[in-house]
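Have a look at the structure below before the remarks.
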Amino acid sequence: MTTAPLPSTIAATVEHSLEIKRSVFLAHLEPVSSVDEADVVIAAIRKERWDARHHCTALVVGPHADRQRSNDDGEPAGTAGVPMLEVLRHRDVTDVVAVVTRWFGGTLLGAGGLVRAYGSAVSEALDRAVLVERVRLARATAEVPHADAGRVLAFLHQWADGHGSVLDEPEYAAVARLTVRVPPELIATLEADLAAFTSGGIVPVVGETVVMDRPAKAG
């Protein structure tokens, strides 16, 4: 049975600004690993952009996006933090804090206008972010005689590229240790393909499964 995919995260901080009826909305998205780290980011932005009227926030943290929080920071209830959080949920990202700073332009936008402005600021910032997939990968290690290492390594490179896997740097000692990180449901496929390629001469040893980052494919 295939396990449900994990939420993605973002590779680096991204900012994006909107101006609506002379109000400026500056969205700041930053990768974080905990709620405490997110709080540090929020505090720093409040201090840096002290002249703004509002610093509305939303955060999602955890491998399964299990910790979530939002704050309207003085805007009418439900018009800022909640729509920001809904964008993060809808886009299926985690380990991200979003802060949208608003400099008031003198014209009231109404509840609907605020919801659209704060949600759009986060959504458009995410459009500019580089996403990083979170995947569960099992370690499979093959010990290969040096004489065969080159051709087996080339095979594993090609296999990994075609099967959503990641090849570690080879380790060379008495033998070559070639490690590939494989989706757990594809371990049997790797074993069969490697056995066919080496006429049964090489059987990988399967180790632990861990959550790893992998750059998301474009498009």
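Just one residue in the set V41, V87, V14, V61 is closer than 30 Å to L186 by Cα and in contact (Cβ under 8 Å) with a residue 24 or more places away in the chain; that residue is V61. Got at least one residue in region 133-153 being within 30 Å of V82 (Cβ to Cβ), assigned to a helix (DSSP H, G or I) and at pLDDT 95 or above? Within region 133-153 (the criterion being within 30 Å of V82 (Cβ to Cβ), assigned to a helix (DSSP H, G or I) and at pLDDT 95 or above), the answer is no, since none of the residues qualifies. No other residue among L18, L59 is among the hydrophobic types (A, V, I, L, M, F, W, C), in contact with a Lys or Arg (Cβ under 7 Å, 6 or more places away or on another chain) and farther than 22 Å from V210 by Cα apart from L59. Checking the stated criteria, L186 turns out not to satisfy the condition of being over 24 Å from P63 (Cβ atoms) and either part of a helix (DSSP H, G or I) or modelled with pLDDT of 95 or more (or both). L108 satisfies every condition listed in (1) over 21 Å from the mean Cα position of the chain (by Cα); (2) part of a loop (DSSP other than H, G, I, E, B); (3) within 23 Å of E48 (Cα to Cα) except (3). Can you tell me which residue in region 166-180 is farthest from S17 (Cα to Cα), limited to those that are buried (at least 18 other Cβ atoms within 10 Å of the Cβ) and in contact with a Leu (Cβ under 7 Å, 6 or more places away or on another chain)? Filtering region 166-180 for residues that are buried (at least 18 other Cβ atoms within 10 Å of the Cβ) and in contact with a Leu (Cβ under 7 Å, 6 or more places away or on another chain), the one farthest from S17 (Cα to Cα) comes out as L178. Only one entry of A77, A98, A58, A65 meets the criterion of being open to solvent by less than 40 Å² (accessible area, probe 1.4 Å) and not in a strand (DSSP E or B), and that entry is A65.
Within region 100-121, the set of residues being closer than 17 Å to L85 by Cα and in contact (Cβ under 8 Å) with a residue 40 or more places away in the chain comprises V100, T101, R102, G113, A117, Y118, S120, A121. Scanning region 15-27 for residues that are part of a strand (DSSP E or B), open to solvent by 20 Å² or more (accessible area, probe 1.4 Å) and in contact with a Leu (Cβ under 9 Å, 6 or more places away or on another chain) yields E15, H16, S17, L18, I20, V24, L26. All of (1) acidic (D, E); (2) over 20 Å from V132 (Cβ atoms); (3) open to solvent by less than 40 Å² (accessible area, probe 1.4 Å) hold for D51 with one exception: (3).
From the list S70, S23, the one residue that fits, being hydroxyl-bearing (S, T, Y) and free of Cβ contacts under 8 Å to residues at least 24 places away in the same chain, is S70. Determine whether A192 is loosely packed, with under 14 Cβ neighbours inside 10 Å, out of contact with any helix residue (DSSP H, G or I) (no Cβ under 6 Å at 6 or more places or on another chain), at pLDDT 95 or above and over 25 Å from I42 (Cα atoms). When the stated conditions are applied, A192 passes them. The residues of region 80-95 that are of a type in the set (D, E, K, R) and surrounded by 24 or more Cβ atoms within 10 Å (Cβ to Cβ) amount to a single one, D95. Filtered by the rule that a residue be open to solvent by less than 70 Å² (accessible area, probe 1.4 Å) and touching a strand residue (DSSP E or B) at 6+ places or on another chain (Cβ under 8 Å), region 149-165 gives A149, V152, L153, L156, W159, A160, H163, G164, S165.
Filtering L114, L137 for residues that are of a type in the set (A, V, I, L, M), within 19 Å of the chain's Cα centre (by Cα) and open to solvent by less than 40 Å² (accessible area, probe 1.4 Å) leaves a single hit, L137.
The values are calculated or read from the model by the stated rules, or taken from the named source; none is laboratory data. Computed from a predicted model, the values in this text were never measured in an experiment. Glycine gets a Cβ as well: all are built from the backbone with ideal geometry, and neighbour counts include every protein chain shown. Just so you know, the surface numbers come from the protein's heavy atoms only, side chains and all, with ligands and any DNA or RNA stripped out. Shrake-Rupley method; radii C 1.70, N 1.55, O 1.52, S 1.80 Å.
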